[in-house]
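What follows is a short report on a single structure.
The values are calculated or read from the model by the stated rules, or taken from the named source; none is laboratory data. Fair warning: this is a prediction, and the values are worked out from it, not measured in the lab. For neighbour counting, all protein chains shown are included, and Cβ atoms are generated from backbone atoms with ideal geometry for every residue, glycine included.
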Amino acid sequence: MRASQQDFENAVNQVKLLKKDPGNQVKLQLYALYKQATDGPCNVSKPGVFDLVNKAKWEAWNALGSLPKETARQNYVDLVSSLSPSSEASNQGKSGADVKVQESKDIVVTSEDGITKIMFNRPPKKNAITFQMYQDIILALKNASTDNSAITVFTGAGDYYCSGNDLTNFTSASGGMEKAAEGGAVLLREFVNSFIDFPKPLVAVVNGPAVGISVTLLGLFDAVYASDKATFHTPFSHLGQSPEACSSYTFPKIMGSAKATEMLLFGKKLTAREACAQGLVTEVFPDSTFKKEIWTRLKAYAKLPPNSMRISKQLIRKNEKEKLHAVNAEECSTLKERWLSEECINAIMSFLSRKSKL
Ligand SMILES: CCCCC/C=C/CC(=O)SCCNC(=O)CCNC(=O)[C@H](O)C(C)(C)COP(=O)(O)OP(=O)(O)OC[C@H]1O[C@@H](n2cnc3c(N)ncnc32)[C@H](O)[C@@H]1OP(=O)(O)O
């Protein structure tokens with residue numbers, strides 16, 4: 001049920017009664033959601049670099065993009081309810097219960113045991129990523145980079161990890177394909193940048209098939225654990241598209257150019273074991289024990305000294321950052337052209353009219 005205006009006003013009052021300071025990140029989120037719910041998208045100018053507090057508030061609000069007012073209102077109510085004394089008590093009572101820190105419609109973010117979990121949560125559409133989900137993930141990563149968790153984990157709800165970009169993103173956007181391609185390229189660049197710059201260990205728990213951008217992004221993760229039911233598929237040529245998420249650079253580096261060509265140009269689908277043999281996946285587990293084994297292991301990793309892990313990641317990644325940003329920029333401008341090509345439009349239309357499937 002959607003939150004009413006009255007629910008929202010009750011939540012606003014409830015915040016004032018909180019006994020425990022929820023911390024700066026949560027306060028920023030509350031501020032941003034409140035502004036979005038009452039004033040709509042941020043259209044005020046960005047405060048100067050030295051106005052740190054107002055700049056942080058502006059960035060949190062601006063990161064919500066075009067999130068509808070009603071969704072912001074609902075998210076605000078959900079967030080306050082997860083902070084209220086009654087839910088604090090019930091969370092403490094349930095050992096191992098995840099604490100919800102952000103809930104958008106199709107991305108659920110929880111934090112527990114030193115792990116922030118970002119979950120694709122759109123099983124009826126195989127977790128295909130909408131424009132809104134890209135924005136939600138950017139915000140989730142921004143929050144996770146400064147929250148008190150040690151590691152951040154991506155996974156999928158249901159039988160799929162993720163079926164990649166939602167193929168209706170471009171066809172259903174208002175303003176036509178050209179405007180959608182323009183906006184899509186800007187959004188994609190920011191989205192991938194938030195992975196390139198993410199400071200803490202980033203882990204993928206690949207619970208099932210992964211397609212498109214959910215595969216290419218894995219080259220920017222620090223560890224990738226997969227169920228033996230997972231597959232890895234990048235059908236860019238079939239879709240008249242080209243690689244993204246820096247995979248034109250990371251994949252040849254990880255697996256060599258011959259194997260990268262088979263995936264990125266010819267769309268060869270890999271099993272989890274093949275992806276592991278080629279270095280894209282860290283380790284494969286039998287599906288029957290996957291979840292139990294992997295979460296036990298990740299909880300142990302999350303107890304390691306967080307600063308040490310962050311500093312080690314920085315040492316491993318820092319020499320590549322500039323290159324990755326340049327690759328990302330080039331891939332996005334190439335894709336913007338591809339999305340308007342006849343090859344791509346025909347492929348998407350063909351999928352939508354149920355003539356083709358992968
Ligand atoms: C900011 C913009 C950035 C853009 C970045 C670009 C990235 C590039 C990519 O990610 S390319 C990859 C795009 N993904 C695909 O091409 C996958 C398309 N989907 C399929 O081929 C199949 O659906 C499947 C193989 C994933 C699953 O097949 P299955 O038979 O098991 O299930 P259904 O086909 O019946 O799917 C169930 C419903 O889910 C919808 N759906 C699945 N994937 C997508 C998708 N990517 N986009 C939109 N919708 C998708 C499907 O249409 C079904 O919906 P329905 O039940 O309403 O019919």
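Those residues that are assigned to a helix (DSSP H, G or I) and either within 16 Å of I213 (Cα to Cα) or among the β-branched types (V, I, T) (or both), I need them from region 263-294; list them, please.
At the first step, the residues of region 263-294 found to be assigned to a helix (DSSP H, G or I) are 263-264, 272-277, 287-294.
Listed by number, the residues that qualify are M263, L264, A275, T289, I294.
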Residues in region 11-34 that are loosely packed, with under 15 Cβ neighbours inside 10 Å and over 18 Å from K100 (Cα atoms): how many?
4
Criterion first (in a helix (DSSP H, G or I), more than 19 Å from A223 (Cβ to Cβ), β-branched (V, I, T) and over 22 Å from the mean Cα position of the chain (by Cα)) does I311 satisfy it?
no
Of (1) of a type in the set (A, V, I, L, M, F, W, C); (2) closer than 23 Å to N121 by Cβ; (3) surrounded by fewer than 18 Cβ atoms within 10 Å (Cβ to Cβ), M177 satisfies all except one. Which?
(2)
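Tell me, which helices (runs of 4 or more DSSP H) lie completely within region 126-243 with 3 or more residues that are out of contact with any strand residue (DSSP E or B) (no Cβ under 8 Å at 6 or more places or on another chain), free of Cβ contacts under 8 Å to residues at least 60 places away in the same chain and within 16 Å of the ligand (Cβ to nearest atom)?
176-196
Give the residues of region 28-56 that are part of a helix (DSSP H, G or I) and either at positive phi or modelled with pLDDT of 90 or more (or both), sorted by residue number.
The initial filter retains those residues of region 28-56 that are part of a helix (DSSP H, G or I), namely 28-39, 52-56.
L30, Y31, A32, L33, Y34, K35, Q36, A37, T38, D39 - these are the residues of region 28-56 that are part of a helix (DSSP H, G or I) and either at positive phi or modelled with pLDDT of 90 or more (or both).
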Being of a type outside the set (A, V, I, L, M, F, W, C), over 22 Å from the mean Cα position of the chain (by Cα) and buried (at least 19 other Cβ atoms within 10 Å of the Cβ) is the filter here, so list the residues in region 35-70 that pass it.
K35
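Quick test for you: out of L79, L18, pick the one residue that is assigned to a helix (DSSP H, G or I) and of a type in the set (A, V, I, L, M, F, W, C). Quick ask: steps written out before the conclusion?
Numbers: L18 fails: assigned to a helix (DSSP H, G or I).
Of the residues listed, the single one that is assigned to a helix (DSSP H, G or I) and of a type in the set (A, V, I, L, M, F, W, C) is L79.
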Looking for whichever is surrounded by 15 or more Cβ atoms within 10 Å (Cβ to Cβ), hydrophobic (A, V, I, L, M, F, W, C) and closer than 16 Å to T171 by Cβ here; the options are A302, A347. Which one fits?
A347
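Residue by residue through region 310-329, note down the ones that are in contact with a helix residue (DSSP H, G or I) (Cβ under 8 Å, 6 or more places away or on another chain) and not small (G, A, S). Steps first, please.
Step one: filter region 310-329 for residues in contact with a helix residue (DSSP H, G or I) (Cβ under 8 Å, 6 or more places away or on another chain), giving 321, 323-325, 327-329.
Answer for region 310-329, where residues must be in contact with a helix residue (DSSP H, G or I) (Cβ under 8 Å, 6 or more places away or on another chain) and not small (G, A, S): K321, K323, L324, H325, V327, N328.
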Residue list for region 112-125, filter: within 10 Å of the ligand (Cβ to nearest atom) and either assigned to a loop (DSSP other than H, G, I, E, B) or of a type in the set (F, W, Y) (or both):
R122
